[in-house]
1. Just how large is the dipole of the chain about the Cα centre, in debye to the nearest 20, putting +1 at every Lys and Arg Cβ and -1 at every Asp and Glu Cβ?
2. Amide H of Ala641: which non-local residues (sequence gap of 5 or more, or other chain) have their own amide H closer than 5 Å, using H built in the peptide plane?
3. Tell me, Kirkwood radius of the range 620-664 from alpha-carbon pair distances, in Å?
4. Just want to confirm a number: the relative contact order over the chain, from Cα pairs under 8 angstrom separated by 6+ residues, in percent.
5. Give the cross-link partners of Lys293 among the lysines, using a straight C-alpha distance below 22 Å as the criterion and excluding same-chain residues fewer than 8 apart.
6. Do any trypsin sites (Lys or Arg not before Pro) in the range 105-148 lie in a DSSP loop with no more than 14 other beta carbon atoms within 10 Å, and if so, which?
7. Over the range 694-827, calculate the relative contact order: mean separation of alpha carbon pairs under 8 Å at least 6 apart, over the residue count, as a percent.
8. Compare the Cα positions of Thr632, Cys663, Ala568 along the charge dipole of the range 556-684 (+1 at Cβ of Lys, Arg; -1 at Cβ of Asp, Glu; about the Cα centre) and return the one farthest towards the positive end.
Amino acid sequence: MLLCLSPAWLTKVPAPGQPGEAALLVSKAVSFHPGGLTFLDDFVPARRATYFLAGLGLGPGWGREAAELARDLTCPTGASAELARLLEDRLLTRRLLAQQGNVAVPATLAFTYKPPALLRGGDASPGLRLVELNGKEGQETLVKEEVGAFLHSEALGDALQVAVKLSGWRWRGRQALRLYPRAEQGPVVDTVLALLEKLEEEESVLVEAVCPPARLPFPGSPPPGPELALRICAVVCRTQGDRPLLSKVVCSVGRGDRPLRHQSSLPRTLEAALAQCGLAEASQAAIVRQRVKAAAEAALAAVLTLEAGLSAEQRGGRQVRTDFLGVDFALTVAGRTLTPVALEVNGGLCLEACGALEGLWAAQHLGLAAEEAAAAPLVETMLRRSARCLMEGKQLLLLGAGGVSKKFVWEAARDYGLKIHLVESDPNHFASQLVQTFIHFDVTEHRRDEENARVLAGLVRARGLQLDGCFSYWDDCLVLTALLCQELGLPCNPPAAMRLAKQKSRTQLHLLCRRGPPWPAPSLYAVPCCPLESEADVDRAVRQVPLPGVMKLEFGAGAVGVRLVKDASQCREHFSRIARDLQGEADHPGIGLGWGNAMLLMEFIEGTEHDVDLVVFGGRLLAAFVSDNGPTRLPGFTETAACMPTGLAPEQEAQLVQAAFRCCLGCGLLDGVFNVELKLTGAGPRLIEINPRMGGFYLRDWILELYGVDLLLAAAMVACGLRPALPAHPRARGHLVGVMCLVSQHLQALSSTASPETLQALHDQGLLRLNLLEEALVPGEYEEPYCSVACAGSSPAEARHRLLGLCQGLGIDGPHYPVAYFLSHFK
């Protein structure tokens with residue numbers, strides 16, 4: 001992230017193939033480094049910006065030059081003069097907030113001269129009276145009638161004063177607020193008439209109610225000293241999916257008879273300000289905070305809705321979006337309810353106030369240092385938009401399309417502007433019509449992976465594909481992908497590391513030998529096991545591995561064929577059954593039988609099960625996401641339920657992340673997105689297995705929903721040799737709790753009360769989150785989950801209760817599939 005202190009340090013150059021747009025180049029900037037180090041850097045050649053946020057605020061600076069630099073850029077842009085003009089129009093924003101956001105605003109009478117198109121027509125807003133003027137002279141009678149009616153209207157409520165001011169881009173910060181008692185109609189009329197003479201087109205004169213300060217404590221208690229008023233300042237940011245998120249709230253406190261302004265009052269926390277005014281009870285302060293949050297997020301939602309209807313020219317460019325908003329509130333009483341009333345929105349003043357509070361010398365002693373910075377969600381949005389800019393147009397070779405559970409890939413690729421070239425065994429796969437290039441090639445015979453990699457490299461060169469990266473999220477293709485990348489000279493993990501992680505017994509036995517340094521060594525997490533290729537191996541294994549144990553396919557996926565075995569006879573029986581039923585790819589496609597049906601026996605580990613999804617680049621951990629799994633239906637291990645984020649204590653969560661990361665490094669997995677399955681025992685984490693690819697089932701969807709991080713995009717970036725810029729400690733937006741549906745247990749429900757159509761309709765209504773994992777309702781002995789059904793909540797308990805009620809209503813819960821028991825681990 002670079003800070004440019006002069007427009008001379010930036011240059012716009014025409015963008016090839018994008019007429020009317022320009023790339024932004026940086027030749028000089030202040031750069032920031034860990035430890036508080038800053039440098040003034042010169043860049044030769046100039047660096048291309050992938051995101052631009054211009055300071056268009058008040059005060060001395062380069063407002064006009066910054067506005068010109070921000071216009072019509074090819075890179076994402078977080079502000080423009082065109083949008084700032086709209087947001088600085090108080091009349092427009094008040095009408096917008098009142099109509100679309102249902103946000104309380106002061107009662108306002110506006111005299112507007114030739115109003116802009118956005119203010120013409122439309123429904124009337126409660127408390128907002130708009131009087132359109134065709135001229136500025138001869139309006140005395142009209143003004144007197146309108147002002148008189150307004151001052152006597154019920155819309156003003158308990159207000160004792162009104163303010164008269166000018167509204168419009170030209171007047172921001174350049175005028176004094178004029179206050180008058182509500183009973184003095186004459187001075188108000190005279191001031192309005194005087195200000196009308198100064199109006200230009202699309203400007204207004206506003207007469208607005210001055211919100212009476214909330215009397216805290218409520219009447220009945222003696223007021224503590226002089227009457228004080230609060231001005232609440234909220235910063236709200238646009239996050240993944242264009243959803244608003246309150247970032248921080250700060251307040252200023254002053255005399256109730258004087259207006260509070262930015263930069264003329266000291267910022268403090270909402271709780272401290274409320275306590276100073278007499279409201280010290282924590283529960284009441286929490287209610288006020290929740291109301292401010294709802295109003296601030298509704299304000300940004302209304303602004304984003306307005307933007308969505310504007311043309312690129314009206315926004316100032318194709319890539320311009322409002323990424324954050326400051327909203328100023330007064331706290332008043334409406335119907336004996338403490339109510340935040342939105343006074344205005346601004347670009348940077350609220351963010352500046354939050355920064356001033358975060359910079360207090362005593363912040364660490366007050367516990368403020370532990371809070372997230374107000375700008376943190378904004379920075380995440382900057383990084384997300386920057387990543388999209390970097391990846392747009394990248395040419396990626398993808399091996400293995402996957403099934404219905406991976407349909408999101410093609411929508412995401414189109415959204416990100418990725419150019420996908422697909423290698424797939426099925427010549428009739430639906431994705432063949434959704435990619436730039438389709439290469440039909442049998443990738444299921446893994447004994448010929450080295451040869452196949454050379455053949456595929458020849459096909460790529462013959463087609464003249466200029467690739468930026470190559471990756472896969474499909475288990476069957478992971479080793480082949482590493483070999484092909486080696487042939488083509490593209491970034492990837494070594495084939496030996498992928499082979500090691502792909503074969504479950506080799507993973508455990510290798511890590512058992514890795515005793516460090518560094519410490520904690522990977523051997524601490526590995527579990528004793530024994531590979532099984534014949535019945536003789538079974539007899540040897542039961543003497544080496546303590547029973548009960550777990551038998552599973554060496555190269556399996558989706559928990560197919562995984563079973564708890566208690567003695568040698570059960571081991572032999574299960575080995576024979578798998579050897580008979582699952583001999584090759586045709587018996588159960590997509591679970592790794594192209595590698596053969598060898599098995600392993602590993603020690604059964606008691607404890608809670610968890611998934612850790614990692615993003616690793618250059619051997620460095622960039623992000624980790626931990627989820628909890630419910631108890632399985634023994635003796636099988638098919639997943640039943642899940643919860644995210646984890647409900648574990650922070651230390652236990654950190655232990656799981658460290659274990660997952662150490663195990664990946666121990667296998668030589670230095671770059672990529674990996675899914676690691678672990679159990680947390682009384683002695684710490686133990687490894688179940690490493691999946692050297694993006695997590696399956698619902699995981700990508702849940703992480704994107706809760707954290708705004710797309711594992712698919714991160715995997716694509718790593719494949720292109722680009723380091724994803726991800727938040728080190730991402731903050732979840734809520735909680736998700738889900739349950740798996742199995743055809744063997746839910747065929748009747750899935751054919752009636754919980755049909756795919758019903759589940760999809762509930763998903764579209766926002767009542768549940770559906771992830772379809774299979775297409776056909778075909779029961780079988782070796783089955784994978786048909787779908788995942790989840791509910792969201794502000795707490796795990798809320799999400800859990802919603803899900804349980806939904807499952808009971810849909811017929812998913814029952815005596816043979818007790819959802820309440822599966823969710824009991826998440827308490």
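The values are calculated or read from the model by the stated rules, or taken from the named source; none is laboratory data. Quick caveat: nothing in here was measured; it's all calculated off a predicted structure. Glycine also receives a Cβ, built like all others from the backbone with ideal geometry; neighbour counts cover every protein chain displayed. We work out accessible area using only protein heavy atoms, side chains counted, and drop any ligands, DNA or RNA first. Shrake-Rupley method; radii C 1.70, N 1.55, O 1.52, S 1.80 Å.
1. On the way: 79 positive and 89 negative charges, 321 e Å.
Around 1540 debye, computed over the chain.
2. Gly630, Met740
3. On the way: mean 1/r = 0.0835 Å⁻¹.
About 12.0 Å for the range 620-664.
4. Values: 1620 pairs, mean separation 67.1, N = 827.
Relative contact order here is 8 percent.
5. Lys248
6. Numbers: sites: Arg120, Arg129, Lys136, Lys144; in loops: Arg120, Lys136.
Within the range 105-148, the qualifying trypsin sites (Lys or Arg not before Pro) (loop, at most 14 other Cβ atoms within 10 Å) are Arg120.
7. On the way: 162 pairs, mean separation 33.2, N = 134.
For the range 694-827, the relative contact order is 25 percent.
8. Farthest towards the positive end: Ala568.
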